[in-house]
Amino acid sequence: MTDVLVPFEQEGTKAIVRSWLKQPGDLVALNEPLVELETDKVTQEVPAPADGILDIILLAVDAEATPGAVLGRLRDSTSAAREAADAGTSAAAVAFSAQPAPAETVHADRALSPAVRRAVKQHAVDVTGIVGTGRNGRVTRADVDQYVARRGEQPAPPTADRSAALQPAAPPASASGEVRSVPHDRMRLAIAQNMLNSVTVAPHVTAVFEADFSAIMAHRARHKAAFAREGANLTFTAYVLAACAKAMKAAPAVNSRWFDDRLDIYESINIGVGTALGDKGLVVPVVADVQDLSLLGIARRLTDLTGRARDGRLTPPDMRNGTFTVSNHGVSGSLFASPIIIAQPQSAILGVGKLEKRVVVREVGGIDTIQIRPLSYVSLTIDHRVVDGHQTNLWLSRFVEVLEGWPLDG
């Protein structure tokens, strides 16, 4: 027997078994997708660790899958064939057992799992219109869900065999008017748990500065086309990440993780960028080693990561090992948000508000002048166990200084 294990490294607080792509008795090949796991951030496939036959499923659909747990077991296909021969099974029958699944489970040379087949049937989806993100282009349940969401249809409700605990409770007898009950999906439940845990364990304090974006707007206007020719979308977020890396030198403890017995301060600056997926929730892909990247390098990585995030093609390594996070909440219109909740066990998170023109007073040649400037509120929310107000303000001062002093051709 060969154990099929939950990967020890996963992105997200909890994983559950979303669907089995094979059933007991099915032949499987080494590295063939065997089971799908879902966390609050990604859906990932667990490949078969060896050639063989799926002998038993130990963790059924919707079961919690902790790192290292045994999902199921494979038995050696050679010994299985020998047993079949001893039982009088003909060679033709053995050969038949290795044939592809019935036609209804195969579409465009891509095997559909039972969960995908159910979703396709329920939503009347033509699977040929879906770009598969699974291994070898296979369509996953997440691909179907995202296709349905983009089409404007509500996500599929829990199937009849799901736990009764996932069903919405009936409204109280005294309720009046129409009520639309929407069951929490796993991503929303996991986000809620993460947020509650963070504000419970860490004392959040937020400091707010104002940043003038004139310099980087001028730089972006001059260089945006050249960056596009290099395959990079030059966004304001790229400048923000570059300024974050420089600000870390003023207060290195901001780039750290708190543990009960120590504080780990990192040389590598791995910045997670909150990326909204509409009603589907939020993911945080990580741009690694920002301190070693040029502005072009940062822009390229952001272009790749945010694009794959919105297409549902992120992998667990894309969201791993973050040491600091940026929430660009201003893109949806908010001027200021507080507190922006820290991703534990990190020690801080930057918030960037809406960029808008404001009237300000600036001294020119010793005379006060009234000017119109593109300004944004920037906030640093810190874990007060780690960072004090002095360090917070040092960090923000340097961050704003970098943005406002960006050279036109730098």
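Here are the numbers for the structure shown:
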read-out: Those strands (runs of 3 or more DSSP E) lying entirely in segment 1-106 with at least 3 residues within 21 Å of the chain's Cα centre (by Cα) and either under 26 Å from Thr315 (Cβ atoms) or modelled with pLDDT of 55 or more (or both); value: 16-20, 33-38, 43-47
read-out: Residue ranges of strands (runs of 3 or more DSSP E) in segment 307-410 with at least 2 members loosely packed, with under 12 Cβ neighbours inside 10 Å and on the phi < 0 side of the Ramachandran plot; value: 356-364, 367-383
read-out: Wholly enclosed helices (runs of 4 or more DSSP H) of segment 169-287 bearing at least 2 residues in contact (Cβ under 8 Å) with a residue 40 or more places away in the chain, of a type in the set (Asp, Glu) and assigned by TED's automatic domain parsing to the domain that holds Ile382; value: none
read-out: Residue in segment 213-220 that is more than 26 Å from Ala337 (Cβ to Cβ) and of a type outside the set (A, V, I, L, M) present; value: yes
read-out: Residue within segment 218-235 that is within 18 Å of Val400 (Cα to Cα), exposed (fewer than 15 other Cβ atoms within 10 Å of the Cβ), over 24 Å from the mean Cα position of the chain (by Cα) and hydrophobic (A, V, I, L, M, F, W, C) present; value: yes
read-out: Cβ-Cβ under 8 Å pairs, at least 6 apart or on other chains, segment 392-410 side touching a residue at least 12 places away in the same chain (Cβ under 8 Å) and closer than 17 Å to Ala238 by Cβ, far side among the hydroxyl-bearing types (Ser, Thr, Tyr) and assigned to a helix (DSSP H, G or I); value: Leu403/Tyr239; Glu404/Ser214; Trp406/Tyr239
read-out: Of all residues in segment 270-281 being surrounded by fewer than 19 Cβ atoms within 10 Å (Cβ to Cβ) and among the aliphatic types (A, V, I, L, M), the one that is modelled with the highest pLDDT; value: Ala276
read-out: Every residue from segment 236-269 that is polar (S, T, N, Q) and surrounded by fewer than 19 Cβ atoms within 10 Å (Cβ to Cβ); value: Ser268
read-out: Unmet criterion (only one of (1) crowded, with 19+ Cβ neighbours inside 10 Å; (2) out of contact with any Gly (no Cβ under 8 Å at 6 or more places or on another chain); (3) at pLDDT below 95) for Val284; value: (2)
read-out: Failed criterion for Trp258 (all others in (1) closer than 18 Å to Thr381 by Cβ; (2) touching a Gly at 6+ places or on another chain (Cβ under 9 Å) hold); value: (2)
read-out: Options Ser327, Ser338, Ser332; residue that is more than 30 Å from Tyr147 (Cβ to Cβ) and among the polar types (S, T, N, Q); value: Ser338
read-out: Pair list, Cβ under 9 Å, 6 or more apart: segment 331-348 residue of a type in the set (Phe, Trp, Tyr), other residue modelled with pLDDT of 90 or more; value: Phe336/Val208; Phe336/His329; Phe336/Gly330; Phe336/Gly351; Phe336/Gly353; Phe336/Lys354; Phe336/Tyr377; Phe336/Ser379
read-out: Condition met for Ala299 (surrounded by fewer than 21 Cβ atoms within 10 Å (Cβ to Cβ) and either of a type in the set (A, V, I, L, M) or at pLDDT 95 or above (or both)); value: no
read-out: Residue check for Thr133: of a type in the set (S, T, N, Q), out of contact with any Gly (no Cβ under 9 Å at 6 or more places or on another chain), modelled with pLDDT under 75 and not assigned by TED's automatic domain parsing to the domain that holds Val61; value: no
read-out: Residue ID - nearest to Leu396 (Cα to Cα), chosen from residues in segment 184-206 that are modelled with pLDDT under 80 and among the hydrophobic types (A, V, I, L, M, F, W, C); value: Ile191
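The values are calculated or read from the model by the stated rules, or taken from the named source; none is laboratory data. Since we're looking at a predicted model, the values are computed, not measured. In this analysis, Cβ positions are derived from the backbone assuming ideal geometry, glycine residues included, and neighbour counts consider all displayed protein chains.
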